[in-house]
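The values are calculated or read from the model by the stated rules, or taken from the named source; none is laboratory data. The shown structure was predicted, so the numbers you read here are calculated from the model rather than taken from an experiment. Quick reminder, even Gly has a Cβ in these numbers, built from the backbone with ideal geometry, and neighbours come from all protein chains shown. Areas reflect the complete protein model, heavy atoms only, side chains present, ligands, DNA and RNA absent. Shrake-Rupley method; radii C 1.70, N 1.55, O 1.52, S 1.80 Å.
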Amino acid sequence: MQRALTIAQDSSQYKEFPVGAVLVRNNTIIAESANHVERTGQAIEHAECRVLRIGAQVVGYRDLRDCVLFVTLEPCQLCEAACELYRVHDVIFGAYNLNRKYKSPATWVGGVMINCAESLIQDVFER
């Protein structure tokens, strides 16, 4: 966690929201990053997403269940979903994210052309 805090603190020079993340496997850091949202102009360049992507490259596959993610701030919904996709089960964070339970102002509409969409997905599992 100390390394994640250092990374978060160092990111302030780039005017980033100060979040640092470290991915550990077998007691060894395999990936580390701060937020890169402001530097890249990409809203999804959160520290957690970056270390998961880098970690998967280091390991050679996206199953990171044997890794532990250390992050300075409780992951947002995006990063939580990324942890699920990369199969990270162990997340240790510092500060609680007080905005964690917000509702998106976006409108979600489901069931549009549902038969076609479900058919595409079924075809994948039937192969």
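Which value, in debye to the nearest 20, describes the size of the charge dipole of the chain about its Cα centre when Lys and Arg Cβ atoms bear +1, Asp and Glu Cβ atoms bear -1, and nothing else is charged?
180
Give me the percent of the accessible area of the chain that comes from carbon and sulfur atoms, probe 1.4 Å, all protein chains in place.
Result for the chain: 55 percent of the exposed heavy-atom area is carbon or sulfur.
Return the label of the correct value of log10 I(q)/I(0) by the Debye sum over Cα atoms at q = 0.12, 0.19, 0.20, 0.21 Å⁻¹, as calculated from the structure shown, out of (1) -0.96, -1.18, -1.21, -1.24; (2) -0.62, -1.05, -1.11, -1.18; (3) -0.54, -1.01, -1.08, -1.14.
Label of the calculated value: (3).
Per residue, how many Å² of accessible area does the range 1-57 show with a 1.4 Å probe?
55
Work out the length of the dipole vector of the range 34-92 about its Cα centre, built from +1 on the beta-carbon of each Lys and Arg and -1 on the beta-carbon of each Asp and Glu, and round it to the nearest 20 debye.
220
Between Gln57 and Asp90, what is the spin-label point distance in nm, taking each point 7 Å from the Cα along the Cα→C-beta axis?
2.5
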